[in-house]
Amino acid sequence: MSEALRLRRDVAESLRSQPARAALALLAVTIGVTTLTLLLAMVGGLRAEARRMIAAFGAQVVAAAPAPAAVQAGGYRGLDRWRALWAEAEPDRPTALMVRVGAEAEPWRGATVWAVGADLAIVRGWTLQEGRWFDALDEANGARVAVITDAARWAGSPGVGSVGRIGDQPYTVIGIIREGAGVPDGSTRHAGGETLVLVPFAAAERQRLPIEPGGAALFLRAPPEGATETFTARLDALAADPAWRAWQPRWITPDSLLAGIRSWQRIIGLTAGSIAALCLLLGGTTLMSLMLAEVRQRIPEIGLRRALGATRHDVARLFVAESIAITGAAAVMGTALAAVLLAVLDGRVPLPLQRDYFTFVIPAIVSIVIGSVFSFAPARLAAGLSPAAALRNG
Amino acid sequence: MTTAPATLELHGVERRFDTPSGPVTALRPTDLAIRPGEFVAISGPSGSGKTTLLHLAALLDRPTGGRLVFAGADTGTLDEAGLDALRRDRIGMVFQAFHLLPRRSVRDNIRFRFRYQRVDAATETARTDEAMAWVGIAHLADREARVLSGGEMQRVAIARAVAGRPDLLLADEPTGNLDQANTRAVMDCFTRLHAAGLTILMVTHNEALLGFATRRFHCADGTLEERR
């Protein structure tokens, strides 16, 4: 029989002889593994959500959202003049407005309608999966054409060439935005990921579609190398311009978008992380105290093993193996329990949950490491026993 | 008396223990040589030092003075792994408290002798069966150790000790927990093992058992004296 099989048998025998003790340690570590898995699923989900948000917003995009009152007072023309201030400050970089309008859109159920500048697709890095984007002619003529997101197509439009209705006017679909990196997709909570119907700014203005004051933003594509000194200086100068400041704009960057998510990550990291660490620590110390009690109870057996030729290393290995067997079983049970809980919670909690390989593997590895670390003291105690004293004890 | 080299030699071996109230000498400088095939019995009251001597002979403990030679090897020159290996391969032990694994079968308890030995499965099985037959417990092979009587337990312990074919069998009060009938049965086992050529060192507080041995010693206050 190989040493591994002999050791496995010894471990099984020991665990069977102390079922309550083994079960208690198992339970403690299982709770820890489950908690840690849930924590990683939440943190991973938030991280993925952050990635999706940046992808939808555009990693190189800076935006400014004017105050609703200013939008209401300025209207389409005012907003365009405000955009021109930015365009003058950054003549080499494309800019575009994106303004939400209040209008019914048929047949796109639940869609929001946006009046957008012709350069918006360039600014935000969007590409089309079908058809084309607005061109200068559409903008100049105020053509009644629309570009929709893929989600909008699924929400009722047969595709490019089909005709829908916005307010009281017909609009022809000329393009569909491709899902994927840099473009809105259905999974993001950002406005860009929703069911959108986009129309040229001039068309919305000509039709006098009512602007929703809280839904306007001006987008600028940042330089590929990021916030260079020149770029930042120009933005700072713009921010100091009284004509710009009259709109009381709020800056929106990938960082500001992620502020909420980061706050959640911090809260979860601190609270759930502390709880998970506490559970695992509790599991580890429970395991250690139970193992220490077991060593004391098994002193005669340790003496016998030494009398039969076991080395100190053999004795230590026995207790480490027992501990790892318990934490290994706890890893399996905790992972299974967490998988069930995640399946139940998904969609029922206001947090994204990630269920990938690492979410499940890391807690299992941590559990095994805990088994090894917290068995060190009991194993050392057992290995350090004098065999003669151990046999006298029996 | 045989002139073969001694299995175990003690040359001025002593054992002192440090206690909070100062050093205590459990075994005073002792000379003893046990040759192959001898059955040596040491009697003495509790605390006389006989178990200390047995533990030294079993290489479970190291002397604080003198020289202990096992099968020609000076154990003072061996590291712990060397002592473990000698104990594993060449020494068998029987204890007053049996030290069986209660939930394992008789057969598994005897096989446990080979837990740390490098012996193939077929040899393990053959030697286990042989040892069970030798001490007359083959019919108990599949019973759990915890359901056996004291006498049966001790015979299982003896079978476990001899299954490894040791050079020296050490017995620490092997009948201390047994009634008269079981004591007799256990001593019969030792007699047969000795007749088969096994070297035995037994310590007991029961003077009546000395008659089974070929050499007898008395231990008192850590001093060993041979009785003729």
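For the protein assembly as shown, give the magnitude of the charge dipole about the Cα centre (Cβ charges: +1 Lys/Arg, -1 Asp/Glu; no others), in debye to the nearest 20.
So the dipole magnitude of the protein assembly as shown works out to roughly 1260 debye.
Need one number for the range A:301-355: average projected area of the convex hull over its C-alpha atoms, nm².
It is 5.4 nm².
Across peptide A:384-392, what mean number of C-beta atoms from other chains lies inside 10 Å of a residue's C-beta?
5
Give me the distance between the Cα centres of the range A:1-69 and the range A:308-382, rounded to whole Å.
11 Å
Which of B:26, B:43, B:137 sits farthest toward the positive end of the charge dipole of chain B, with +1 on the Cβ of Lys and Arg and -1 on the Cβ of Asp and Glu?
B:137
Can you say what percent of the DSSP beta bridges in chain B, counting only those with both residues inside, are antiparallel? Round to 5.
If I count the DSSP bridges inside chain B, around 55 percent turn out antiparallel.
Mean residue ellipticity at 222 nm from the helices of chain B, using -39,500 (n - 2.57) per DSSP H segment of n ≥ 4 over the full residue count, to the nearest 500 deg cm²/dmol?
After summing the helix terms and dividing by the residues of chain B, the value is -9500 deg cm²/dmol.
Among B:32, A:287, what is the fewest-to-most ranking by other Cβ atoms within 10 Å?
B:32, A:287
Just report the Cα centroid separation between the range A:91-149 and the range B:1-74, whole Å.
About 99 Å separates the Cα centre of the range A:91-149 from the one of the range B:1-74.
To make sure I understand, if each residue's beta carbon is the centre and we count other beta carbons within 10 Å, what order do B:93, A:98 fall in, fewest to most?
Ranking B:93, A:98 by Cβ neighbours within 10 Å, fewest first, gives A:98, B:93.
Of all alpha-carbon pairs in chain A, indicate the percentage at a distance above 33 angstrom.
52 percent
I'd like the mean, over residues of B:83-95, of how many other protein chain beta carbons sit within 10 Å of each residue's own Cβ.
Mean shielding count: 4.
What does the charge add up to near residue A:79, with Lys and Arg as +1, Asp and Glu as -1, over the other residues with Cβ less than 13 Å from its Cβ?
Net charge in that neighbourhood comes out at +1.
Under the definition of partner shielding as Cβ atoms of other protein chains within 10 Å of a residue Cβ, what is the mean value for peptide A:18-29?
0
All of the numbers you see were taken from the coordinates with simple rules; none came from a lab. Everything numeric here is computed off the predicted structure, so don't read it as measured data. Because the Cβ atoms are built from the backbone with ideal geometry, glycine has one as well, and the counts that use them run over all protein chains shown.
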